[in-house]
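Coordinate-derived values only; no laboratory data. Here the structure is a predicted model, which is why all the values come from computation and not from measurement. Glycine gets a Cβ as well: all are built from the backbone with ideal geometry, and neighbour counts include every protein chain shown.
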Amino acid sequence: MIPYSAIKPYLFKLQPESAHHLVETFLRGTNICPSAYNPWIENHFVSHASLSQEILGRTFLNPVGLGAGFDKNATMIRGMQALGFGFTEIGTVTPKPQDGNPKPRMFRHVAEESIQNAMGFNNEGMHKVQQRLTKRFPFTTPIGVNIGKNKLTEDKDAISDYTTLLNTFKDLGDYFVINISSPNTPGLRDLQNEEFISELFGEAKKITEKPIFLKIAPDMEEAQAVELSKMAVKAGAAGIIATNTTIDYSLVSKPEAIGGISGAVLKEKAFKIFEAVAKELYGKTILISVGGIDSAEEAYKRIKAGASLVQVLSAIVFHGPTLIRDINVGLIELLKADGYENITEAIGADRK
Ligand SMILES: Cc1cc2nc3c(=O)[nH]c(=O)nc-3n(C[C@H](O)[C@H](O)[C@H](O)COP(=O)(O)O)c2cc1C
């Protein structure tokens, strides 16, 4: 297999979005000829008794999942397994297809191993994605469906976008994520308020008993993030995903004027918000940590802080497809070194 270090310089010569399309085209091949990817699965997918847990009504063979935004249209579900992800969150999907913001809208901050994106929920719309998921159902590894409102849907009609999406995907997804924390849909983050969240989860719970998460932004005071998360759990959320991208442009040396930043520079901020939420909600709800995770040590830190699962996105761009295997192999070692037989013993160890 060609090492990523040999391919990366060529990929990085392309616009980030073109490089993403190229990778997507390659990974879509798993749909046409799944057996061709068996060596990849054997090489990348780590399943080990110490990493396996029953959660959200499914077996998660390893705790490292793909964060939303990489496989917006569910074209790469098998490909993500071939890269070793224990679960995949597709989307954000909106009811109607939409183009997203004008290009260019994805940028690399190479030295800082970070990405800035202003995609704006570009996706093929729920019907197309539903058809694709139906073809692949049932899934070998758990699938989360991250849902958002269309840009042109007024805030007063936003609930109906989310309930329409839940009705569409309720039999397909293993869990759902309410995304009101993207910085790239004007006004979306304003929905991070008690009235909207209570009403939304109230309606959502009538549609499905499957777990529904709230994904929060990192650009809040810790106290505000905790309040918002508590409110969501009280309203029926099964858990919290922290965090989405940040609009703190001071984190990179040459910020673009638009979009949210992810990757290494988000690590500390995402952890601080996650930890604040975990201090309050660990043991009362399920927590997923995302933002700047790029090593087994960082993933383990989030797990001990209270994360049942972690997600990775930007770091794959910089470290390549073997990263997920490396994180999982490293986790097995870290658990063993601490004398844990299974990940569930380590989850929230720092909270006890
Ligand atoms: C190009 C790109 C697109 C993204 N699109 C979405 C999205 O559609 N929905 C969402 O909830 N998060 C989206 N995110 C945020 C990621 O899911 C994740 O929360 C964030 O990037 C932090 O993780 P990371 O540092 O590992 O990338 C996107 C991130 C990137 C880099």
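Worth a mention:
- Region 1-49 and region 62-87 have Cα centres lying 12 Å from one another.
- Here the Karplus curve 6.51 cos²θ - 1.76 cosθ + 1.60, taken at θ = phi - 60°, turns the phi angles of region 178-189 into couplings of 7, 9, 10, 10, 6, x, 9, 10, x, x, 4, 5 Hz, with x standing for Gly and Pro.
- Put simply, when 68-78, 226-236 are sorted by average Cβ atoms within 10 angstrom per residue, most first, you get 68-78, 226-236.
- Contact order normalised by residue count of the chain, Cα under 8 Å, 6+ apart, percent: 17
- Here the dipole of the chain is about 720 debye; that uses its Cα centre as origin and unit charges on the Cβ of Lys and Arg (positive) and Asp and Glu (negative).
- Charge dipole (the chain, unit charges on Cβ, about Cα centre) - positive-most of Leu61, Leu214, Ala82: Ala82
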